[in-house]
Amino acid sequence: MNNTKKKQTIDKRQMQEKALVIDHLKKMPIVSVAGERSGIGRATFYRWCACADGVFEKSVQDAIAEGEKLMNDMSESQLITLVKDRSWPAIKYYLEKRNPKF
């Protein structure tokens, strides 16, 4: 196999691996979890982020932001469920954080 074809094969595989990491970060915005689920080591992940063009790093930042929004929505949904279930600590927390009277 010539070097050009080998490089193309590696580049294609890395693009697929990077896309997989990005997808996992959108669901769980924790680098170590996304890397583990994708089969990518932390060193590889951070080496990709340090790449000169910055495209992967920007994609990572966007994916983490999206993942954090998802986690916030899920957390708020769980809190509201607890309030509906008459959980006093949840009610107290919700009122303290959302209502200036408390």
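Solvent-accessible area per residue for the chain at a 1.4 Å probe radius, Å²? List each step's numbers first, then the result.
Working: 7820 Å² over 102 residues.
Dividing the accessible area of the chain by its residue count gives 77 Å².
Which longest uninterrupted range of the chain lacks any trypsin sites (Lys or Arg not before Pro) assigned by DSSP to a loop state (not H, G, I, E or B) and surrounded by at most 14 other Cβ atoms within 10 Å? Kindly include the intermediate steps, with their values, before the conclusion.
Details: sites that count: 86, 101.
For trypsin sites (Lys or Arg not before Pro) (loop position, at most 14 other Cβ atoms within 10 Å), the longest site-free span of the chain is 1-85.
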Share of accessible surface on carbon and sulfur in the chain, whole %, 1.4 Å probe and ligands ignored, is 55 percent
Restricting to aspartates and glutamates and to Cα separations under 18 Å from residue 69, and discarding same-chain partners fewer than 8 apart, the set is 23
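How large is the helix-only mean residue ellipticity at 222 nm for the chain, computed as the sum of -39500 (n - 2.57) over DSSP H runs with n ≥ 4, divided by its residue count, in deg cm²/dmol to the nearest 500?
Using -39500 (n - 2.57) per qualifying helix, the result is -27000 deg cm²/dmol.
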The orientation-averaged projected area of the Cα convex hull of the chain, in nm², is 9.1 nm²
In whole Hz, the Karplus estimates of ³J(HN,Hα) for the stretch 88-102 (6.51, -1.76, 1.60; θ = phi - 60°; x where Gly or Pro) are 4, x, 5, 4, 4, 4, 4, 5, 5, 8, 10, 10, x, 5, 10
Taking Cα pairs closer than 8 Å and at least 6 residues apart, the relative contact order of the chain in percent is 23 percent
A correct Karplus calculation of ³J(HN,Hα) over the stretch 55-71, with 6.51 cos²θ - 1.76 cosθ + 1.60, θ = phi - 60°, whole Hz and x for Gly and Pro, returns 5, 5, 4, 5, 4, 5, 4, 5, 5, 5, 4, 5, x, 5, 5, 4, 5
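Are there any chymotrypsin sites (Phe, Trp or Tyr not before Pro) in the stretch 35-80 that are in a DSSP loop and have at most 16 other Cβ atoms within 10 Å? List them by number.
Values: sites: 45, 46, 48, 56; in loops: none.
Passing sites in the stretch 35-80 do not exist.
The values are calculated or read from the model by the stated rules, or taken from the named source; none is laboratory data. Treat the numbers as computed from the prediction; the structure is a model and nothing was measured. FYI the Cβ positions are ideal-geometry reconstructions off the backbone, even for glycines, and counts take in every protein chain you see. All accessible areas refer to the heavy atoms of the entire protein, side chains included, with ligands and DNA or RNA removed. Shrake-Rupley method; radii C 1.70, N 1.55, O 1.52, S 1.80 Å.
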